[in-house]
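Okay, so here's the structure we're looking at.
What follows is calculated from the coordinates using simple rules that are stated; it is not laboratory data. Since the structure is predicted, the reported quantities are computational estimates derived from the model, not experimental observations. Backbone-built Cβ (ideal geometry, glycine too); neighbour counts: all protein chains shown.
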Amino acid sequence: MDDRAGLIERAAARLRESVSPAAARDALPPLEAPVSPTTRPLKALPLKRHVVLDRAHLAQTGIIMPWTSSGRIVEEFRIIKRNIMSAWQASDSGDSATDRPRIIMVTSARPREGKTFSSINLALAFAAEDSFVTILVDGDTVRGDVAKDLKIPSEPGLTNILSGETSLLDALIQTDLPNLVVLPPGPSGHHVPELLSSQAPSALFDEIGKRYPKHVIILDTPPCLASTDPAALAPIVSQIVFVIEAGHTQRPEIESALSLITGGPQVSIVLNLSSGGTSEHFGSYSYYFQAPKQQPTAQGD
């Protein structure tokens, strides 16, 4: 059986299991106490652009500040965060991990599966940590949904930096959450795929790592089947969070999308909008499954 097909079947089987919140929490390292939004950032930079996040607008879309609520969505993304951090701890050796960019790419097979919702909530979950700065990068230059949801200007942004038109400090936006910084998408265009497949993104992430020595980068990208951008970025990220709309996304679509990012690191799957859970699951994201890194397989029988 194809390894990737087996991955999907295992994820589906896990989804059907009854996973209680207590059991999920017991399997993870203990959570830190939520940090207050007034906590000083680990390393402040004199950024020129600032924004106060519209919390009421975000709450209407299901995006909640983790230090103001203990609801299911907040708890779900805390668990996802802790799984990611546990993977870091398993692979870290000494302090060398703080010297390289930690980049989590969030993508999906097709549009409207919840990837931007996941990106923002995951970024807020990490921003609640007091040990590093979270940089949320809107890498979907066509839709720019991160910028839209946060009500920030889309330019200058990622593509302006990659093309050498502006500097990192001129494009970054400091939110009123000290440990959360946002990089808008910048303008879209026919040149963007070539920019993202060049050495420029790697150089940019290295620069972010130098300016924020202790950090995590959440990179929201277009769907794999709608753009070549995720495949271009996969080799330089640390982890991939793949969002699937449960009961709607078709297995061939999932397999095709995963085959495009096989050259990347470990892939984690988030099943979104699952109908299988009420009290036995965490809200809409009922199960988080870490799949082992897949090796390219021959297509055929």
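Gain on full extension, evaluated as 0.36 nm per residue between residue 166 and residue 68 minus their Cα-Cα distance, stands at 31.7 nm. In order along the stretch 180-187, the phi-based Karplus estimate (6.51 cos²θ - 1.76 cosθ + 1.60, θ = phi - 60°) of 3J(HN,Hα) comes to 10, 10, 10, 10, x, x, x, x Hz; Gly and Pro are listed as x. Using a 7 Å offset from the Cα along the Cα-to-Cβ direction at both residue 202 and residue 256, what is the distance between the two label points in nm, to one decimal? Once both label points are built, they end up 3.0 nm from each other. Computed 3J(HN,Hα) for the stretch 102-118, one whole-Hz value per residue from the Karplus formula 6.51 cos²θ - 1.76 cosθ + 1.60 where θ = phi - 60°, is 9, 10, 10, 8, 10, 8, 7, 7, 9, x, 6, 9, x, 5, 6, 4, 5, glycine and proline marked x.
Each of 192, 133, 114 was placed along the dipole of the stretch 70-214 (beta-carbon charges, centred on the mean Cα), and the one lying farthest toward the positive end is 114. Rounded to whole numbers, the Karplus 3J(HN,Hα) couplings from phi for the stretch 123-137 are 4, 5, 4, 5, 5, 6, 7, 9, 9, 7, 9, 9, 10, 8, 9 Hz, using 6.51 cos²θ - 1.76 cosθ + 1.60 with θ = phi - 60°, and x at Gly and Pro. With the gyration tensor restricted to C-alpha atoms of the stretch 167-206, the semi-axes of the equivalent ellipsoid amount to 23, 13, 8 Å, longest first. In this structure the amide hydrogen of residue 106, modeled in the peptide plane, comes within under 5 Å of the amide hydrogens of 219, 220, 221, 241, none closer than 5 places in sequence on its chain.
Listing 64, 254, 218 from fewest to most neighbouring C-beta atoms within 10 Å gives 64, 254, 218. Taking Cα centre as origin and charging only the Cβ of basic (Lys, Arg, +1) and acidic (Asp, Glu, -1) residues, the dipole magnitude of the stretch 132-214 rounds to 220 debye.
Between residue 157 and 186, the built amide H atoms are under 5 Å apart, and every one of these is 5 or more places off in sequence or on another chain. Counting only the Cα atoms, the stretch 109-236 fills a convex hull of 97 Å³ per residue.
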